[in-house]
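These notes are about the structure you will find just below.
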Amino acid sequence: MTSVAPVVTFDLMSSAKPGRGAGFNPPNRFEPFHVESVEDPCLEADDETRSPATELLVDGTRSILAENDSPDLGFRFSINPYRGCEHGCSYCYARPSHEYLGFSAGLDFETKILVKPDAPALLEEAFRKKSWDPQVVALSGNTDCYQPVERKLGLTRRCLEVFLKFRNPVAIITKSALILRDLDLLAELAKLDLVHVTMSVTTLDPELARAMEPRAAVPEKRLEALAGLRSCGISAGILIAPVIPGLNDEEIPALLRECAARGAVSAGWVMLRLSGAVEPIFVDWLRRELPLRAEKVLHRIREVRGGKLSDSRFGSRMRGEGAIADNIGDLFALMARKYGLDRRSSGLETRHFSRTAGQQLALF
């Protein structure tokens with residue numbers, strides 16, 4: 001008879017952590033034990049001691065391109081120089097991926113960041129293989145490649161150098177203005193139609209953004225980054241992800257208008273997804289940060305998810321179902337047409353790819 005190890009847990013109330021999205025660490029579904037520290041309510045601590053510090057851990061992976069076959073995604077391969085994300089977005093669909101590493105999808109996801117120091121070298125190795133078929137690779141398929149640690153480590157910039165060296169197309173998604181640091185590389189890629197940038201913008205309200213995405217760039221900085229990219233001839237659009245019914249769906253017209261004014265060439269949207277441990281983290285955040293709106297928002301989410309808070313089915317998980325979901329889709333389509341953001345991309349170039357980039361050709 002198989003024995004199951006007991007779950008050890010101390011049931012504590014969540015509390016806001018300055019600069020963090022999650023208020024606690026939910027149990028890891030793959031781990032038999034879950035232990036939480038108990039804070040003495042009689043002890044006082046300042047904000048710094050209550051907010052866990054960020055830890056950088058080395059990820060010794062020997063491969064860098066992640067492959068997926070999801071019909072909901074427009075790319076087959078992606079690269080993520082970092083695992084976990086310090087931006088701390090309460091709704092982040094990537095949070096459960098931290099559970100595979102033995103961590104929690106909560107505070108661990110935004111404080112224990114795994115760094116792949118060999119990412120550029122591994123990417124070059126992948127491009128040199130004869131089996132590599134040149135195609136668009138998504139940079140930030142899971143976590144943001146321009147999160148705060150990138151300012152110090154520069155792994156994303158070095159990966160961009162590899163993309164440029166081999167002339168392989170790359171699609172970037174980020175919510176960080178740090179991308180402007182790499183305008184020189186991006187402009188060179190753009191000359192050969194090898195890059196498209198998608199700026200993730202969820203709200204124009206700086207207070208809501210700070211609560212929901214505590215360590216990401218404020219909305220105005222993202223709009224400035226979009227304008228800066230376009231001024232250098234770099235193809236760039238926006239993604240409203242996630243659209244949260246009852247919270248930011250009403251901002252769709254204003255978001256598209258402001259992004260179009262900054263030169264965006266395309267726009268997309270994704271309905272909020274609360275898979276696995278993301279659900280309790282987001283619900284806790286919502287009730288903690290927006291108590292007066294929480295029940296309305298949760299009710300709206302259930303209306304687009306068939307009475308539940310999440311739907312993992314392909315197709316419907318990205319858009320939702322029902323009258324509210326249809327109204328959101330119709331509003332987005334109408335506003336996208338109005339502001340010229342409904343144009344289909346012709347795709348990025350692959351004909352410039354060179355497998356022997358940087359190598360001296362043999363004479364015989």
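Throughout, read-outs are computed from the coordinates displayed, never taken from laboratory work. Values in this document were obtained by computation on a predicted structure and should not be read as measured data. Virtual Cβ from ideal backbone geometry, glycine too; neighbours counted across all protein chains shown.
Take the alpha carbon atoms of the stretch 201-264, find their center, do the same for the stretch 127-142, and report the distance between the two centers in whole angstrom.
With the stretch 201-264 and the stretch 127-142 each reduced to a Cα centre, they are spaced 28 Å.
If N is the number of residues in the stretch 200-332, what value comes out of its Cα radius of gyration divided by 2.2 N^0.38 Å?
Details: Rg = 15.2 Å, N = 133, 2.2 N^0.38 = 14.1 Å.
Normalised by 2.2 N^0.38 Å, the Cα Rg of the stretch 200-332 equals 1.08.
Want the number for Asp72 to Arg151: 0.36 nm per residue separation, take away the alpha-carbon distance, what's left?
Difference between extended and current length: 25.3 nm.
Pop out the ³J(HN,Hα) list for the stretch 68-81 in order, Karplus 6.51 cos²θ - 1.76 cosθ + 1.60 with θ = phi - 60°, rounded to Hz; leave Gly and Pro as x.
9, 10, 5, x, 8, 10, x, 9, 9, 10, 9, 9, 10, x
log10 I(q)/I(0), Debye, Cα-only the stretch 151-200, no solvent, q = 0.22 Å⁻¹?
Taking Cα atoms of the stretch 151-200 as identical point scatterers yields -0.77.
Pick out the long, greasy-scoring helices in the chain: whole DSSP H runs spanning 15 Å or more along their own axis by Cα, mean Kyte-Doolittle at least -0.5.
155-166, 278-289, 294-304, 323-338
Within the stretch 54-338, what is the number of lysine pairs with alpha carbons under 21 Å apart, leaving out pairs fewer than eight places apart on the same chain?
Step by step, the pairs that qualify in the stretch 54-338 add up to 13.
Could you state the orientation-averaged shadow area of the convex hull built on the Cα atoms of the stretch 168-261, in nm² to one decimal?
Projected area, direction-averaged: 5.9 nm².
Could you pull out every residue, at least 5 positions away or on a different chain, whose amide H is within less than 5 Å of the one on Lys112? Hs are placed 1.01 Å off N in the peptide plane, and Pro or chain starts have none.
Glu55
With a cut-off of at most 13 other beta carbons within 10 Å, and DSSP calling the residue loop, which chymotrypsin sites (Phe, Trp or Tyr not before Pro) in the stretch 278-346 qualify? Please list them.
Those that pass, being in a loop and sparsely packed, are Phe314.
Mind putting a number on the dipole of the stretch 228-349 about its Cα centre? Charges go on the C-beta only, +1 for Lys and Arg and -1 for Asp and Glu, and I need it in Debye to the nearest 20. Intermediate values should be presented prior to the final figure.
Values: 19 positive and 15 negative charges, 22 e Å.
My answer is approximately 100 debye.
Select from Gly233, Gly23, Gly141 the residue whose mean-square fluctuation is largest in a Gaussian network model of the chain (Cα-Cα springs shorter than 10 Å).
Result: Gly233 has the largest fluctuation of those listed.
Using R₀ = 25 Å, calculate the FRET efficiency as 1/(1 + (r/R₀)^6) where r is the Cβ-Cβ separation of Arg293 and Ser15; round to 0.05. Please report the intermediate quantities before stating the final value.
Numbers: r = 20 Å, r/R0 = 0.80.
Efficiency for this residue pair is about 0.80.
Please sort 266-272, 104-110 by packing, taking for each peptide the average over its residues of neighbouring beta carbons within 10 angstrom, highest first. Write down the numbers at each step before the final one.
On the way: 266-272: 21.3, 104-110: 26.1.
Most protected by this proxy first, the peptides run 104-110, 266-272.
Which one of Ala294, Leu57, Tyr82 has its Cα pushed farthest toward the positive end of the charge dipole of the chain, where Lys and Arg give +1 and Asp and Glu give -1 at the Cβ?
It is Tyr82.
Placing +1 at every Lys and Arg Cβ and -1 at every Asp and Glu Cβ, with all other atoms neutral, what dipole size does the chain have around its Cα centre, in debye to the nearest 20? Don't jump to the answer; show the numbers that get you there.
On the way: 47 positive and 49 negative charges, 288 e Å.
Its charge dipole is roughly 1380 debye.
Using only the alpha carbons of the stretch 262-364, what is the convex hull's orientation-averaged projected area in square nanometres?
For the stretch 262-364, averaging the hull's shadow over all directions gives 12.5 nm².
Hey, if you put +1 on the Cβ of every Lys and Arg and -1 on every Asp and Glu Cβ in the chain, which of Phe282, Ile179, Ser354 ends up farthest toward the positive end of that dipole?
Going by the charge dipole, the pick is Ser354.
Evaluate Rg over Rh across the stretch 54-338, taking Cα atoms for both radii and Kirkwood's formula for Rh.
When Rh is taken as the Kirkwood radius, the ratio is 0.95.
For the ranges 181-193, 73-85, 209-221, what's the packing order if you count other beta-carbon atoms within 10 Å of each residue, average per peptide, and put the highest first?
In decreasing order of mean packing, 181-193, 73-85, 209-221 become 73-85, 209-221, 181-193.
When ranked by the protection proxy of mean other Cβ atoms within 10 Å per residue, highest first, what sequence do the peptides 55-63, 341-349, 118-126 form?
118-126, 341-349, 55-63
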